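Trainee: Structure provided below as structure tokens; questions to follow.
The values are calculated or read from the model by the stated rules, or taken from the named source; none is laboratory data. Source: prediction; values computed, not measured. Ideal geometry is used to build each Cβ from the backbone, glycine not excepted, and the neighbour counts take in all protein chains shown. The accessibility values were calculated without ligands, DNA or RNA, using every heavy atom of the protein model including side chains. Shrake-Rupley method; radii C 1.70, N 1.55, O 1.52, S 1.80 Å.
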Amino acid sequence: MTFARKRVAAVAAVAVAAALTLAGCADTGSGDSSGDTGGDSANLAVTFLPKNLGNPYFDTSSKGGKAAVDEFGGTFNEVGPAEATPDAQVSYINTATQQGVGALVVSANDPKAICDALNEARDAGVKVVTFDSDTNPECRDLFINQATAEGIAKIQVDLIAEQIGDAGEIAILSASANATNQNAWIATMEELLAAEHPNITLVETVYGDDDDQTSFDKTAALLQSHPNLKGIVSPTTVGISAAARYLSTSDFKGKVALTGLGTPNQMREFVEDGTVTAFALWNPEELGYLAAWAAQALITGEITGEEGDTFEAGKLGSYTVGPDATVLLGDPYVFDADNIGDFDF
């Protein structure tokens, strides 16, 4: 295969352990997430707010965040809703603001719904870093982008095209209808399909709301509604694993291709049993790790978020702030039967 998966050395060096179990509040070391820690009186209390708790993807990104916070001598806290709904994160932002944390690291469920709360936090001196899924740019100080929308969209389109012989009907199983990152990727996928794959028809996009059972049911409904369906693309770790679970015990196994974005530990059994040929992702532990170091750089004044600012991100090395106060982690990576055994996250 000619895709980006051969970036093995770079990714494998930081492949992570199995996802930790989330509680409502992760280990903070001293237990005080509001006081000043670290040198020079910097308030290195960092609170992670993922889209929802209990999501293996965010389990892994939070593990990376905690590792970074431990390295720079801060305190780590994690809070979040049970469901990834647009307004569910607001109360957690307000609480963190009242606690006087140094930084919030947020994966946004909606680009607008949490903006007022985030700007109130910023007015109170809290640095706001978004990762994975961005808000409107005026609502945060920095966005840590896992990869470009174009890169993420292209790898998924390339994979499904290869798996179905570049012809036939496909569908998309997304997360929530309001997810900033999902919508950007889907829009770009649609453009790529129209421009480069005229024999592939996207017949429907459905939303599983990053819920396992809902995504499972949406997969079943897609296959019933579109009897000629040849492939499904799910750009969400919850969706792709739920779809694979459905396909693996159905008559569609081996007949309907499935690809998208997933973690190796979720997808290993489905790759090994032939349900899934290949899928893609970045390293979510690296993403959380980079986001935490970016928060530290903002708190200490090493950067302000201006284009061209540079900062050190521990073992990942030096990063530069790009346009729109965005930092790019790197390229997507493709997992298949040849390499999936090399990873544990």
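Trainee: Between ASP342 and GLU120, how many nm apart are label points set 7 Å from Cα along the C-beta direction?
Mentor: In this crude label model, ASP342 to GLU120 measures out at 4.8 nm.
Trainee: Then there's this: Just how large is the dipole of the stretch 155-272 about the Cα centre, in debye to the nearest 20, putting +1 at every Lys and Arg Cβ and -1 at every Asp and Glu Cβ?
Mentor: 260 debye
Trainee: In addition: THR205: net charge of surrounding residues, Cβ under 11 Å, Lys/Arg +1, Asp/Glu -1, itself excluded?
Mentor: -1
Trainee: Near SER61, within a Cβ-to-Cβ distance under 13 Å, what is the net charge of the other residues, with Lys and Arg +1 and Asp and Glu -1?
Mentor: Result for the local shell: -2.
Trainee: Further question on the same structure: Projecting each Cα onto the charge dipole of the chain (Lys/Arg +1, Asp/Glu -1 at the beta carbon, about the Cα centre), which of ASN183, TYR92, ALA161 comes out farthest on the positive side?
Mentor: Projecting each Cα onto the dipole axis, the largest value belongs to ALA161.
Trainee: Hey, another quick one. Which whole-number value in Å² is the accessible area per residue of the chain, probe 1.4 Å?
Mentor: 37 Å²
Trainee: Using DSSP, restrict attention to beta bridges with both residues in the chain and report what percent are antiparallel, rounded to the nearest 5.
Mentor: Of those bridges, close to 20 percent are antiparallel.
Trainee: Oh, and also: Let's test the formula: R0 of 22 Å, r as the Cβ-Cβ distance of ALA177 and THR201. What FRET efficiency results, to the nearest 0.05?
Mentor: The formula returns an efficiency of 0.55 here.
Trainee: Using a Förster radius of 25 Å, what is the FRET efficiency between ASP251 and ALA194 based on their Cβ-Cβ separation? Nearest 0.05, please.
Mentor: Taking R0 as 25 Å, the efficiency between ASP251 and ALA194 is 0.20.
Trainee: Top to bottom by accessible area (1.4 Å), largest first, where do TRP293, TRP282 land?
Mentor: TRP293, TRP282
Trainee: If I compute solvent accessible area with a 1.4 Å probe over the protein chains, what percent of it on the chain is carbon and sulfur?
Mentor: 46 percent
Trainee: Something else: Per residue of the stretch 266-281, in order, report the coupling 6.51 cos²θ - 1.76 cosθ + 1.60 (Karplus, θ = phi - 60°) as ³J(HN,Hα) in whole Hz, putting x for Gly and Pro.
Mentor: Once rounded to whole Hz, the list reads 5, 9, 4, 5, 7, 6, 5, 8, x, 5, 10, 7, 7, 8, 10, 4.
Trainee: Using the reciprocal of the averaged 1/r over all distinct C-alpha pairs, how large is the Kirkwood radius of the chain in Å?
Mentor: Kirkwood radius, the chain: 20.2 Å.
Trainee: Separate question: From the mean inverse distance of alpha carbon pairs (Kirkwood) and the Cα radius of gyration, derive Rg over Rh for the stretch 115-270.
Mentor: My calculation puts Rg/Rh at 1.04.
Trainee: Rounding to the nearest 20 debye, state how big the charge dipole of the stretch 299-342 is about its Cα centre with +1 on each Lys and Arg Cβ and -1 on each Asp and Glu Cβ.
Mentor: Charge dipole, the stretch 299-342, about its Cα centre: 140 debye, nearest 20.
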